[in-house]
Each structure stands twice: as C-alpha cells, then as structure tokens.
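Heads up, the thing below is written out as structure tokens.
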Amino acid sequence: MPKDSGIGASPKRREDIRFLTGTGNYTDDININGQTYAWFIRSDVAHGTINSIDASAAEAMEGVLKVFTSADFAEAGGIPCGWEVTDRHGQPMQEPKHPILAEGKVRHVGDPIAVVVAETLEQARDAAEAVEIDIDELEAVIDMKAAVAEGATKVHDDLTSNLCYDWGFVEENREAVDEAIKSAAHVTTLELVNNRVVANPMEPRVAVGDYNRAGDEHTLYTTSQNPHVIRLLMGAFVLSIPEHKLRVVAPDVGGGFGAKIYHYAEEAFVTYAAKVLNRPVKWTSSRSEAFISDAHGRDHVTKIELAMDENHKFTAVRTDTYANMGAYLSTFAPSVPTWLHGTLMAGNYITPLIYVNVKAVFTNTVPVDAYRGAGRPEATFQLERVIDKAARELGMDPVELRRKNFIQPDQFPYDTPVAVTYDTGNYDATMDKALEVADYAGFEARRAESEARGKLRGIGVAHYIEACGIAPSNLVGQLGARAGLYESATVRVNATGSISVFTGSHSHGQGHETTFAQVVSEMIGVDASQIDIVHGDTSKVPMGMGTYGSRSIAVGGSAMVRATEKIINKAKKIAAHLMEASEADIELKDGAFSVAGTDKSVAWGDVTLAAYVPHNYPLEDIEPGLEESAFYDPANFTYPSGAYICELEVDPETGVIDMLNFTAADDFGNVINPMIVEGQVHGGLAQGIGQALMEACIYDENGQLLSGSFMDYTMPRADDMPMMNVDHSCQTPCTHNPLGVKGCGEAGAIGSPPAVVNAVIDALHRAGHKVEHIDMPVSPARVWKAMHG
Amino acid sequence: MYNFEFVKPSTVEEAAAALQGEGAQALGGGQTLLPTMKQRLASPETLVSLTGVEGMVGISAGDGTVTVGGATTHAQVASEAASAYPALAALAGQIGDPAVRNRGTIGGSLANNDPAACYPSAALGSGASISTNKRNIAADDYFQGMFETALDEDEIVTSVSFPVPEAASYQKFLQPASRFALTGVFVAKFPGGVRVAVTGASNNGVFRWTEAEEALSKEFRADALMDLRINHLNMISDLHGSQEYRAHLVGVMTRRAVDAAG
Ligand SMILES: Cc1cc2nc3c(=O)[nH]c(=O)nc-3n(C[C@H](O)[C@H](O)[C@H](O)COP(=O)(O)OP(=O)(O)OC[C@H]3O[C@@H](n4cnc5c(N)ncnc54)[C@H](O)[C@@H]3O)c2cc1C
C-alpha cells in the first residue's frame, strides 16, 4: 500500500491551489502606494562608444521624475562576480567591471544605457523616445575563436585580450594524457557545439524597490532563486547597504532554471532609485527584454578525444572547449565551464587519465551563466556522444561499450581522476531498468514496422552522472567560490503544536512547500496541514543560499532535518518531565510521546503547550519555547545518475523528427514525493529535448540576436514532447546526508540531449547515411542537410 | 502603445469614410496590427474596426462558390466552411492557436499578405476573387510580393469568393517557432485544370508553381511531379531553413497535397 503522507507519499502540491487559481503573489502583483515605473533604454548595437546622452527633453516631459545614467551611479560598485577561476598558469581570471548602466561603452545588444522613471509606464516609454543617445558603433566580437585570435577587437579595453581564462584540469595530468592518447589502440574524436539557449521562465524578471526614509530601510522585491544571496551581493558590493537595512523578498516566482540566480543591474537600479526619488520604483521585463537581458545558458564549442585500449577499456579523455562568457561576468559564470564541467568528465566510467582545457571568452553578447544543469549537461553531452561514436567505429553495441567501462558497485566510494569522489551508484542497475522499460530488445521489430511506413527509426542511449547538492563550502572555497554553500533552517513550533519551517531554500516551482512539510510530518508524526514552509524573505528566514544545482532537499532539507532533530530532542526532555520519566526512555511516534515499556503517553500538543506555558516545566534544565535553527554544510556533492533512452522516427523526405517515447531510469537515492520527482524529470526532459531539437539562440555577425522572440526562438510546447516513461526505482541512497537524497531537478536536462542526438544519428546510420554528428538543435533543416549533403 | 481613437462603423460606407481620416487604419482581428502597435512600430491615429460592419462577417455557399465576409474569423471559416470547401476550412483551422483563430480575420490576413501566411495560398490556389469597397480583384492580380497587394491605402476587403474545386488540399510545413508556414502548398483541381499555390517559400511572397500545374493538369498524381525541381534561387533563407531546403519542401508538400486531395 502506498503511503498517503510523509516520506515516500505523493500528496498533491499544496502550492498549486494558488498557482492554478490566480491567487499567487508574484513580484509583479506587488504594487506599493506611490509606485513609479522604470523603463530601461538598452543598446540596439552590440558594441559601441557612447558619445553623448541628452535627457533634457525627456526630463521635461509629463510625469517624468528623472532619467538616470551611469553618472548617477558614480558612488556604486559594479555588479560582482561570485567565483574566481585560476588559470593553468596560476593566474586569476580577467575580471572586467560590470557597471549598473553602461559607462562610456555598450557591449551587447540589450546593455542598459539609461533609465527613465515616470509616474506611469507609458510616460516612461514616451520619454525614453526623447532621450538622445549618440553612439559610434564598433566592430562586434561574436565568434569565440575569432575573439581570441591575434589582433581581435577587444570587448573590454582595460583587459589584455578577450580571454577570461585558459583553464587546465587536471593540469598535472596534461602530458600523461597526451601520452596515453598517442599510445592508445583506438582514439575517437568528435567536435561539437553545445548550443546557446535562453532560459525563458514563464514569469519574466521583475524588481520593485522601496525605501523607508524614517528607518533608512531598503526593500527589494525581486524574482530571485536566492534572496539572501542578492542581499549579500547587492548590499555589500554594489550599494553599500548593510544587511539589517536591506530586506530582499522573492515571493512566488514563476520558474528560474538558473536565470534568476544572478544579481542583475535592474535590482540594484530600483533599490537605489527608490531612495533617490523617495518613491517605490517598479521594473517589469517584457519577453523581448528578457531575451536580451536574462543570462543565457550553455554556448560551448568542444573537441573531445576518447582513447581506448585493445579491450575497449577507456584509457584517457582529452577535451578542448571554448566557453562563451558574453560581455560581462555574470554571478557564477566562471564556475560553469570549469568546476561544474571538468569535474564530471569521468562520467560513469573508469577513465584513469583526464585532461580538460577550457578557454573562457568575452564576446559582444548577453552574459552566459548557469542554466538547468550548468556545466554538467555540457560534460555529459560530449562524453555520451563520443562514446556512441566510438561504439560505432568499433562495431560494438553502445550499451555494451558503456557497461564495459562502468564503475562497479563494489568500487564506491570511487575517486575519479577529476577531483570528485562518488559516494554511491549502480550504473548497470539503471541501465538494465531503462532497457527493460524502453523494451530495447524489441526495437528491431519496431524499426522494421517504421521502415515499412517509409520512416527511419532510431534508438539512442545515454548514461549520465551529475554532481548536485551544491556544495561543501570548504571545497568550493578552494575552487574559487566567493561564498559558502551551506543552507539554513529554523523550525518554530507554536504553542498549539503547529509548525513554521523557515528555510533558506527557495521554491520557484519545485513544490518545496509540499515536500519539506512531508519530511517534518514524517519525523514528528503531525499532519502536514499543521506545517507551513516559509521561504523567500530575508526578514523572515535567518539565512539562505537558495535553490540551484539540485541542492534544495539535499542541503536545505538536511538543515531542516537537523533543526527538527533539535526540536525533537528538546520536546523529549519536556515530555520526560511531564511524564516523570527518564529522557532516554521517551519515544516519539505518530505525534505522541510515550515511555518505553509503559502505557504512559503525552500528546505532541501537550508538550508544545508546556513549552510556551511552562507551569510544569524543567526550567532549571532548559529554556521555555520550542524553536531551533541549524546550518548544514554538506560533506560532499551528491551524485544522481541514470540511463536515458530515446526512440524516434525521422521522416527522410523532410528531416522532421517524431519523438516516439523517452525513458528515464534515474537513481536519485531516496525519494520524498515520487509525483513531484516525476514532474521535475518531465520538466528537465522538456528542456533537454528542447535544447536538442528546437532551441537556438543565434546572433548574426553584427551581434544582433536573430532569435529574439518566440516567433523565431522555438520554445518546446507540450505537443512537441513524447511519452515520457520515468522510473526512479533504482535507489542507492546518498551516504552523507540524513535523508539519503541526491536531488532530481536537473537530471532530465542533463541526460536527455545526448540520448536524443544519439537516436537521430542511429536512425540515419541504420538507413545507410554515414552521418557522424549533427549540431543541436537538430532541426528538420539540419537533418535534411546532413542526409543530402 | 501610443494613444489612438477607436471607431466601430456598421456599414461599409461608414468604414470607408472613416478610413479617409488622417492616420486612420482598418482593424480586423488585430492579431498582426496590435502586437506591432504594442511594440510601437505602428502608430495609427484612428483604428476603424471592421468586425461590426454589416455583411462583412459570415460565410455563404452556392453555385460552386464559397464567399467569406472580409471580417470573418479563421475559427468561423474552420467550422462553417467545412462541408462546402473542406480544404479551405482545414487551412483556416491550422492558423495559429485558438486565440488567434477566434480573432484573426481573412481580410486582415489577405491585406497583410505575410509571405508565410496561409490564406494567400488558398486565395491564389483557388483562383479566388477579392471584393473590396471599390472593385473585384482576381487573386492572380492581387498578390504583388511580400506584404504587397493591389489594395489602395484605404481600400477594404469586404469579401472573398472562392470557386470550389473538385478536389483540394493544403499542406503546411510548420516553421517550428512561430508555426506559420515555412512552406505551405495549396493544390486545387478544377475541371479546367489544376492550380498550385505556394506560400512561405519565396522572397516574392505567394506564387503559382506553373510547371507543377501543367504536369498535374495532365495527370493528377503525385508521381507526375517526380521529375520536377523548383529553382531555389528566389527562395527565402533564414534561421529555419535554407533556400535549398525550402525548394525541396515545395516539391514534398505539393506531392503530399496531391495525395491528400486524392
Ligand atoms: C501567434 C500567432 C500565430 C499566427 N499563426 C498564423 C499562421 O499559422 N498562419 C497564418 O496565416 N497567420 C498566422 N497568424 C496571423 C493571423 O492569421 C492574423 O490574424 C492575420 O494575419 C491578420 O488578421 P487580423 O484580422 O488579425 O488583421 P489585423 O491585425 O487587424 O490587421 C492586419 C492588417 O490588415 C489590415 N486590415 C485588416 N482587415 C482588413 C480588411 N478587411 N481590409 C483591408 N485591410 C484590412 C489592417 O489595417 C492591418 O494593416 C498568426 C498570428 C499570431 C499572433
């Protein structure tokens, strides 16, 4: 019998009532008395020198309060970068200033130049048209390899070149890897592009700044995945506002996918302008603005070489990657192609020698940062594609080649040659499960049936690993993070026994309000309806590093478990006192405390009431009240893994791909709410399949974004998606966090692109087309071109 | 969006008179015009709504002709023309999404003449007659290149009359993002011969593929087209497909249309 509450049950998501009935409280729903509206004037050229800005006519227009330019921010700091990467030669990365509003130069289409604040949005827009801006256009640097060529135009004059860093990992292995590749029995090489994508959460970014003169207090309402991080970055580095004078609220947030992690100029702008004008200031992004101002994702160009011995055992991997940073360093940009990517190049396999080289490059494009999976999809894509190619070259079944090189269950904990230690896993188990669910054995019959209809059927397999639950602070500190990556939780038990949990994790669609309550409900035995999950407000939650890197349940959930354990310990003391028993004999079950071996018991509510009405209370031993906090800093990353299988048909006449079905067999360790986990995988798959087949963020040579709206940027839609068979019955619990959980948010986006592309290539090969690779998105036009030359 | 006046006349004469005003522009379903205004790329001073004009909304059939009022929505054509001219109804039912189909009108689509729009291929492929407040224009004379038509500035498409063919089909290859036609082909078989109109593909907008018409008029079978290739040089090349790909799709979609028309 499946449980109907607690860990392992699938209650419906409690937050959906408000999301589905229009009663959510999103940032744009927040309107403050006296509110004004900001309109950002953005560069329409990719690179240029600002000669002059004349706002006099605009400032004289009706309703206009002020037109801001960079001159108004002379005292402010630049938008900070949260991660410093050290290059192959021990030098720090090149880090340009990222001003709130362009200073002297514009560096990408969408770079903000000036902001009009007016009584109404229409007045602000009208006035924006009257601001005269004179820009001399400069040559745009778009192609990464051209950007680092000798004599290339520089994106930042004060840097020595457009190379942010040249990173080598593991640098000491460089020569040994070269040697292993030279002496290998077989080397498979593949060059590929990991296409740039735009996250496009359903809710665009919004920021509302408010200022209270009496207390010199600032409030920023913003669409963020991590309000405390914004408070820290903006308060400490940009506007010099101490934490106790700055409140950041991220209320209901309609999806983030990474793009809402970062501190953006618009947040600093509205916070600052609210003080200057002594009026609340609101900015709401349009979809068109989102395309040119939200951080983009991916954008790697890679060459990978896989070396094998005569027994088809992997001996070495060497990769050479160009990673686009865009025009400025977004908050976590430098970490994505390095520590979130290089450390995953072992995949699920025993590969003794690995060398990853990454050149991060500045271009006149929108900054690029983490997007669902961040670095790990890029690693998985190249590895799982090159293995497929190797299998074909060797005449082997791609599943067998993988199995032959899998890390075996008895080898855990397993130290990879790329600095991480996998705690648990069983890759043959997930592979077996996926093959079973997808009926891999029955493929040939299905293919023959497709062939009879004139369609080319293909099947593609990929096995991924990711590092989630980001991350041990001491480790990331050594790697260049300028922050700790713990999480905090406070559990407040009220007098009547109801519970408020304050978590530093932020839910922007993941359903934490449901799952987190399930965990506490399981631990204490009170009904989940008695438990509220509070998040997203720095004035309520003591501290939080937020939600990204599939870290919420693994890190935030662990902090909550620790705090709840403290609550239980204290409550047991109170219960022991009430029942005049020894604390060691107290048991908590189904919301009641009992004395072992007796029929004495006292209800949860009696204990909580005693804590707040301490008439009969061990005051000499413990304080009244029942509220506990905990910080949890993980000992290691978590390592979800899984086998993905994609089956599809290609229409040989048009190149159109019909996704038939997709199987995901994931090992997420223990699962709190299977329904929510399935939903997370569905969403990840939609984004992975979208990246593989549809999404293309394309700049022309002048730096104009050609795919700047949904008319040209193919967002996947429900009817583009295949049947998804999602299984998470293979579970090797994480060994180092209290719930044994690994995280499931990014898996779908990580494992699916290579499975899809492998399936397309498989279909073409089976039909006699010797096509080795098609770059994503594998559009009908690209498939047709690959087939017909 | 800039401020504008809004008028909703009830007769063609009133509408025509309103359009004489400085900066006045006709408004059908607004599915093209309103987004343009929101982006501040268009700034009409007066919008003259046509959806309340008597006689401009609705569908009538008889004498081998289906006549669609100029302000009739795509959704209405999709449902109400289904028995009289199934291929036309099917085309209307594939335009955009339900919201677009419930607002967008045939007159707006033909007046706009987007090179990737669907209706122009039905009008040209059927040899339709486009009636305005001033005259009747044969489809062959009406379409004059991308976003160009024979209409005068203030002319109103009041109705469109489609001769109903013996057999017809519209085959649309979707541009994956917008789901307009990357290439769409309308094939119509009349007693006097076959017409083939292609949208989405050419830099000159909708056009007739005369070689295919000749081949199909001799023998109405997809195989009759096997040796035909259309020149790609005048085709559109963009993010979603090269000239060569579009030229290839014209052949594929035409053959599929012939097969579907039966
Ligand atoms: C999301 C989306 C998807 C779409 N997908 C498709 C698609 O797949 N295929 C397709 O063909 N189209 C598509 N369209 C376009 C849609 O069909 C529009 O409705 C149509 O092109 C314009 O019709 P309208 O009535 O909305 O015209 P409006 O937007 O009101 O007007 C368009 C132009 O025509 C003029 N005009 C309007 N009515 C008349 C008239 N009776 N006489 C003279 N001039 C007139 C206006 O002045 C204006 O210049 C799509 C639109 C959207 C927003």
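Values for this structure:
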| quantity | calculated |
| --- | --- |
| Computed label-point distance, nm, for sites B:T46 and B:R135 using a 7 Å Cα→Cβ extension | 2.5 |
| In nm, spacing of pseudo-spin labels at B:E214 and A:N33 (7 Å Cα→C-beta vector) | 8.0 |
| Phi-based couplings in Hz for segment A:647-659 (Karplus 6.51, -1.76, 1.60; Gly and Pro marked x) | 10, 8, 10, 10, 8, x, 6, 10, x, 5, 9, 9, 6 |
| Efficiency of FRET between B:L228 and A:K770 - r from beta-carbon atoms, R0 30 angstrom, step 0.05 | 0.55 |
| Three-way shape label, segment B:1-80, alpha-carbon gyration tensor, a/c 1.5 | oblate |
| Segment A:340-382 residues near the modelled A:D320 label - backbone nitrogen below 12 Å, point 7 Å along Cα→Cβ | A:357-359 |
| Convex hull of Cα atoms in segment A:505-609, direction-averaged projection (nm²) | 7.3 |
| Full-stretch length increase - A:A441, A:I17 - with 0.36 nm per residue and alpha-carbon distance subtracted | 148.3 nm |
| Label-point separation in nm, B:N203 to A:E587, each point 7 Å along Cα→Cβ | 8.4 |
| Compactness of segment B:5-49 - radius of gyration and Dmax, Cα, Å | 10.4, 31 |
| A:E191/B:Q39 FRET efficiency (R0 35 Å; Cβ-Cβ; nearest 0.05) | 0.35 |
| Solvent-free Debye scattering, log10 I(q)/I(0), computed from the Cα coordinates of segment A:561-712 at q = 0.15, 0.19 Å⁻¹ | -0.93, -1.14 |
| Reciprocal mean inverse distance between Cα atoms of chain A - Kirkwood radius, Å | 27.6 |
| Relative contact order [Cα under 8 Å, 6+ residues apart], segment A:39-131, whole percent | 51 |
| Within 10 Å of each Cβ in A:691-703, the average number of Cβ atoms from other chains | 1 |
| Heavy-atom accessible area ranking, 1.4 Å probe, most first, across B:L27, B:L41 | B:L41, B:L27 |
| Nonlocal amide H pairs with B:G29, under 5 Å, H built at 1.01 Å | B:T105, B:G108 |
| For B:V66, distant residues with modelled amide H under 5 Å away | B:F162, B:V164 |
| Around A:F637: net Lys/Arg minus Asp/Glu count, Cβ-Cβ under 11 Å | +1 |
| Kirkwood-based shape ratio for segment B:167-261, expressed as Rg/Rh from alpha carbons | 0.96 |
| For A:W83, distant residues with modelled amide H under 5 Å away | A:R482 |
| Segment A:179-262: trypsin sites (Lys or Arg not before Pro) falling in loop per DSSP and having at most 14 other Cβ within 10 Å | A:R213 |
| Mean ellipticity per residue at 222 nm, deg cm²/dmol - from DSSP H runs of n ≥ 4 across chain A, formula -39500 (n - 2.57) | -7500 deg cm²/dmol |
| Separation between Cα centres of segment B:106-128 and segment A:707-734, rounded to whole Å | 35 |
| Global geometry of segment A:19-69, whether rounded, prolate or oblate, following the gyration tensor of its Cα atoms and the 1.5 cut on a/c | oblate |
| Charge dipole magnitude, Cβ of K and R +1, D and E -1 - the protein assembly as shown, Cα centre, debye nearest 20 | 1040 |
| Charge dipole of segment B:63-163 about the Cα centre (unit charges at C-beta), most positive-ward option of B:S121, B:G96, B:F147 | B:G96 |
| From phi via Karplus (6.51, -1.76, 1.60), per-residue ³J(HN,Hα) for segment B:236-251 in Hz, x at Gly/Pro | 7, 10, 8, 3, 9, x, 7, 4, 4, 5, 5, 4, 4, 5, 4, x |
| Equivalent ellipsoid dimensions for chain B as semi-axes, Å, which come from the Cα gyration tensor, largest first | 31, 21, 15 |
| Karplus-derived 3J(HN,Hα), 6.51/-1.76/1.60, for each residue of segment A:698-707, Hz, glycine and proline x | 10, 9, 8, 5, 8, x, 7, 7, 6, 9 |
| Segment A:609-709: GluC sites (Glu not before Pro) in DSSP loop, at most 15 other beta carbons within 10 Å | A:E620, A:E701 |
| Cα gyration tensor category, rounded, prolate or oblate, for segment A:691-789 with a/c compared to 1.5 | oblate |
| Low-density loop cleavage sites - trypsin sites (Lys or Arg not before Pro) in segment B:113-193, where at most 16 other Cβ are within 10 Å (DSSP) | B:K134, B:R135 |
| At q = 0.17, 0.19 Å⁻¹, base-10 log of I(q)/I(0) for segment B:63-163 (Debye sum, equal scatterers on each alpha carbon) | -0.68, -0.86 |
| Relative contact order %, segment A:682-747, counting alpha carbon pairs below 8 Å whose residues are six or more apart | 30 |
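The values are calculated or read from the model by the stated rules, or taken from the named source; none is laboratory data. Here the structure is a predicted model, which is why all the values come from computation and not from measurement. Cβ coordinates were reconstructed from backbone atoms using ideal geometry, including for glycine residues, and neighbour counts include every protein chain displayed. Surface areas here come from the heavy atoms of the whole protein model, side chains and all, with no ligands, DNA or RNA. Shrake-Rupley method; radii C 1.70, N 1.55, O 1.52, S 1.80 Å.
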